[in-house]
2 protein chains.
Amino acid sequence: MTADLSEGAGRTVPTLASIAERVGVSVNTVSRALRAPNTVRVELRRRINAAMEELNYVPNRLAGGLSGTRSDIVGVVVTSLYYSEFANIIDSLQLALLEHDLQVMLANTRYNADQELRLVRSILSWRPAAVAIIGVDHPPKVVELLKAAGIPIVEMWDTGGDVIDTAVGFDHASVGAAQANHLIAQGYRRLAFVGSVRENDKRAQKRLSGLEAAATKASLPDVVKHTAQQGGNPELGERLATELLQSHPEIDAIACNSDVVAFGVLRALRKLGRRVPEDIGVIAFGDNEAASCVSPSLTTVRPDRERIGRLTAEAIVSRINDVTPYTTLVEWGLIVRESTSRMPPPSPS
Amino acid sequence: MTADLSEGAGRTVPTLASIAERVGVSVNTVSRALRAPNTVRVELRRRINAAMEELNYVPNRLAGGLSGTRSDIVGVVVTSLYYSEFANIIDSLQLALLEHDLQVMLANTRYNADQELRLVRSILSWRPAAVAIIGVDHPPKVVELLKAAGIPIVEMWDTGGDVIDTAVGFDHASVGAAQANHLIAQGYRRLAFVGSVRENDKRAQKRLSGLEAAATKASLPDVVKHTAQQGGNPELGERLATELLQSHPEIDAIACNSDVVAFGVLRALRKLGRRVPEDIGVIAFGDNEAASCVSPSLTTVRPDRERIGRLTAEAIVSRINDVTPYTTLVEWGLIVRESTSRMPPPSPS
DNA sequence: TGGCATAAAGTTACCGTTAACGCAACGATC
DNA sequence: GATCGTTGCGTTAACGGTAACTTTATGCCA
């Protein structure tokens, strides 16, 4: 009943031809039983299916894809998987794509531009039906390749600038501005920015720019920046905050590039005896699942990752069906919690 | 200079033949310039490469995979991407595979057995060089398909039972036992277990079993279980803990299935006025990045996800090179923090 | 009963690449 | 200078499907 499972040279994988031979029909009939079942007699179809089941036949999509017109791969290029920054996007994207029988091929550039080019090339070599990629800022060669591929390209997470084709994201500069304005409304005046800002993380740079612009507009002193190129864990936040307050004791609010870094910042402030939010405010970005559970709970910005994933899937399907390119702005929310609530605190969230 | 980027029917994608024609050589020579460069004259090779660059040629791996012998896809099947449970494993696995020019194809079953079968089938249809999959407990048909595929299969995260081929993981029952024994050593006696335990999450079930067995061995009363089938966020933990202590006020220690749930449990205890760790201890599993940042900081178990990913990549490469199957036990650590430290607290971590 | 539409299966020709083989030109060897 | 191994390239035949035809069987109607 079970196929031979012996090690080594072993068993050749069954093909349509194996099935055809076993049932006594032509290869094409077997193929039809899969693709267009109602063109094959019920009884014959039954026998073919039985044979497939018995031999554990799995169609070879290399062959199918080469022959047929359309692929059902969607290439997904992210810049990070660490700390679930984009894991939730992939999760919902994949779930939504599954309904259209589209399969995700994942690549992770780890914020490395060379890797990005290499991985995009690698993904395109699988002749995907579409590509979804984090960000709207890519090396010129990457843009050229993606455009030349002649397939729908959906850029996620960010918007603005030169969109290749279609985009689903939000404006990171306005996130930074909202962070600044909230801090200012809470009476904070000496703003600082802390976190890891990689050279290739344009989104982080845009948020910082937005923050600085809003501070300038409000006639505040320059935002003090203390950043790193790498990492992004609580330990980094703790170190950066400690160093920051040593050189700039006047700081009364810290904006963090990520919640995870902010967790470390909060720890540093606790150790330094600075009261949050009374002496100093802390705001972050990302809506980590623990943000509401640290104490003081963390004010942060919540991007709707689930929605971005879902809308990206929608965009891909639309574009495959030749809907014209478009850009979707996804909303985000400022979640005010204790870490910036100097005024009467809101009901605990 | 740039290719035609016009919408619609547009541009046909360049093939080896396009390059060959343009350079004036045979298709095979172009192919060789890619696969075995030193069998082609330097000057000719240069011209071929220039043509490829100019036309933005990207090899078609559907064709290559169909013709050639080996594939460079590795199928990766995980049960979840939410809350970065396995994102870090994928991250390090992918990084390590990249060094061997292996490409990850990702599938996420979301703890759904039907999905698992469907996705494994889908992945196998790409004729991957190997498959890495979370867990050692799969539906019989999945096991049959994986065995019949005749490729290396590496089961990750768990060990024990019937391993299909090769495994890289740890024993979850002993994690549960370690949790119980730590609680007992700290003087806790009335143990409870809280969290979401999905029907298909055998690992969670094993940890719970281990916890119960250790409690029984220490002649403690039965572990009180209060679990859900779905979810796994702080809100769930908060609700479950509140309900638990209402019906079982005698409980003096709560083991949580995940850190994220534990964050909610801590919040519930704070609201209920129960002191942690004095009145009640809390221990969890997962080593979330925020575990050291909540207060009280969370005692938890740290599985080495990065190592599992790396060793899985190693195992895949070894097995592809016909090393015999093996099982690697990956160490995990009990990270003792404030939430269970009744005795003189350790130095703050 | 012949003619014709239709259903069900078979034939054939690719898809783009790689592998195995063939073959000419060339330098080295005895 | 005939023999031989190399180097460098071209030819041809797969790989496992799918799509477009073609063929054969079947039913229906005039």
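The values are calculated or read from the model by the stated rules, or taken from the named source; none is laboratory data. Computed from a prediction, not measured in an experiment: that's the story for all the values here. Methodologically, a virtual Cβ is constructed for each residue, glycine included, from the backbone with ideal geometry; neighbour enumeration extends over all protein chains shown.
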>> Go through (1) crowded, with 24+ Cβ neighbours inside 10 Å; (2) assigned by the TED database to the domain that holds A:G210 for A:I184 and report which single condition fails.
In response: (1)
>> Just to be sure I understand, how many residues within region B:221-235 are closer than 15 Å to B:Y111 by Cβ and surrounded by 21 or more Cβ atoms within 10 Å (Cβ to Cβ)?
In response: 1
>> Could you tell me how many of the residues in region A:253-279 are out of contact with any helix residue (DSSP H, G or I) (no Cβ under 6 Å at 6 or more places or on another chain) and in a loop (DSSP other than H, G, I, E, B)?
In response: 6
>> Every residue in region B:13-25 that is more than 7 Å from DNA strand C (Cβ to nearest atom) and among the hydroxyl-bearing types (S, T, Y), please.
In response: B:S18
> Which residues, taken from region A:197-224, are within 24 Å of A:P249 (Cβ to Cβ) and within 18 Å of the chain's Cα centre (by Cα)?
Replying inline: A:V197
>> Give me the strands (runs of 3 or more DSSP E) completely within region B:84-170, filtered to those with at least 2 residues that are more than 13 Å from chain A (Cβ to nearest Cβ) and within 12 Å of the chain's Cα centre (by Cα), ordered by residue number.
In response: B:130-134, B:153-158, B:166-170
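Every residue, every condition in (1) under 30 Å from A:V168 (Cβ atoms); (2) modelled with pLDDT under 95, yes or no:
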site: A:Q186; (1), (2): no, no
site: A:G195; (1), (2): yes, no
site: A:N200; (1), (2): yes, yes
site: A:R207; (1), (2): yes, no
site: A:K217; (1), (2): yes, no
site: A:V223; (1), (2): yes, no
site: A:N233; (1), (2): yes, yes
>> Return the residues of region A:314-334 that are more than 14 Å from every other protein chain (Cβ to nearest Cβ) and of a type in the set (D, E); say none if nothing qualifies.
In response: A:E314, A:E331
>> Looking at region A:52-71 only, could you name the residues that are within 11 Å of DNA strand D (Cβ to nearest atom) and assigned to a loop (DSSP other than H, G, I, E, B)?
In response: A:Y57, A:V58, A:P59, A:N60, A:G68, A:T69, A:R70
>> Can you tell me which of (1) within 26 Å of B:T227 (Cβ to Cβ); (2) surrounded by fewer than 21 Cβ atoms within 10 Å (Cβ to Cβ) is the one B:S339 doesn't meet?
In response: (2)
> Got at least one residue in region A:42-51 being at the interface with chain B (Cβ under 9 Å from one of its Cβ atoms) and away from DNA strand D (no atom under 16 Å from the Cβ)?
Replying inline: no
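Could you say which residue among A:E116, A:E85 is away from DNA strand D (no atom under 16 Å from the Cβ) and modelled with pLDDT under 90?
Criteria check complete, one pass: A:E85.
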> Yes or no: A:N38 free of Cβ contacts under 8 Å to residues at least 12 places away in the same chain, more than 8 Å from chain B (Cβ to nearest Cβ) and not hydrophobic (A, V, I, L, M, F, W, C)?
Replying inline: yes
> For region A:24-33, does any single residue satisfy the condition of being within 13 Å of chain B (Cβ to nearest Cβ), within 16 Å of DNA strand D (Cβ to nearest atom), more than 37 Å from the chain's Cα centre (by Cα) and β-branched (V, I, T)?
Replying inline: no
>> Could you go through region A:89-99 and let me know if any residue there is surrounded by fewer than 19 Cβ atoms within 10 Å (Cβ to Cβ) and within 13 Å of DNA strand D (Cβ to nearest atom).
In response: no
> Do we have any residue at all in region B:26-47 that's assigned to a loop (DSSP other than H, G, I, E, B) and within 11 Å of DNA strand C (Cβ to nearest atom)?
Replying inline: yes
> Of all residues in region B:55-72, how many are more than 7 Å from chain A (Cβ to nearest Cβ) and either of a type in the set (S, T, Y) or buried (at least 22 other Cβ atoms within 10 Å of the Cβ) (or both)?
Replying inline: 4
> Which of the residues spanning region A:276-313 are of a type in the set (D, E, K, R) and either surrounded by 21 or more Cβ atoms within 10 Å (Cβ to Cβ) or within 14 Å of chain B (Cβ to nearest Cβ) (or both)?
Replying inline: A:D287, A:E289, A:R302, A:R305, A:E306
>> Condition first: over 23 Å from A:I73 (Cα atoms) and either under 20 Å from the mean Cα position of the chain (by Cα) or part of a strand (DSSP E or B) (or both). Now tell me which residues in region A:292-327 satisfy that.
In response: A:T299, A:T300, A:V301, A:R302, A:P303, A:D304
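What number of residues in region A:234-271 are closer than 17 Å to B:V294 by Cβ and either in contact with a His (Cβ under 6 Å, 6 or more places away or on another chain) or not β-branched (V, I, T) (or both)?
The qualifying residues number 16.
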>> Given (1) of a type outside the set (F, W, Y); (2) assigned to a helix (DSSP H, G or I); (3) over 29 Å from the mean Cα position of the chain (by Cα), identify the lone condition not met by A:R189.
In response: (2)
>> Report every pair of residues separated by at least 6 positions or lying on different chains whose Cβ atoms are under 6 Å apart, first residue within region A:225-247 and closer than 23 Å to A:N200 by Cβ and not assigned by the TED database to the domain that holds A:R207, second surrounded by fewer than 22 Cβ atoms within 10 Å (Cβ to Cβ) and of a type outside the set (S, T, N, Q).
In response: none
> Give me the pairs: first residue in region B:68-90 and among the basic types (K, R), second residue within 16 Å of DNA strand D (Cβ to nearest atom), beta-carbon distance under 9 Å, and six or more apart or on different chains, which are they?
Replying inline: B:R70/B:A129
>> Being in contact with a strand residue (DSSP E or B) (Cβ under 6 Å, 6 or more places away or on another chain) and touching a residue at least 40 places away in the same chain (Cβ under 8 Å) narrows it down to one residue among A:A192, A:A213, A:A173, A:A204; which is it?
In response: A:A192
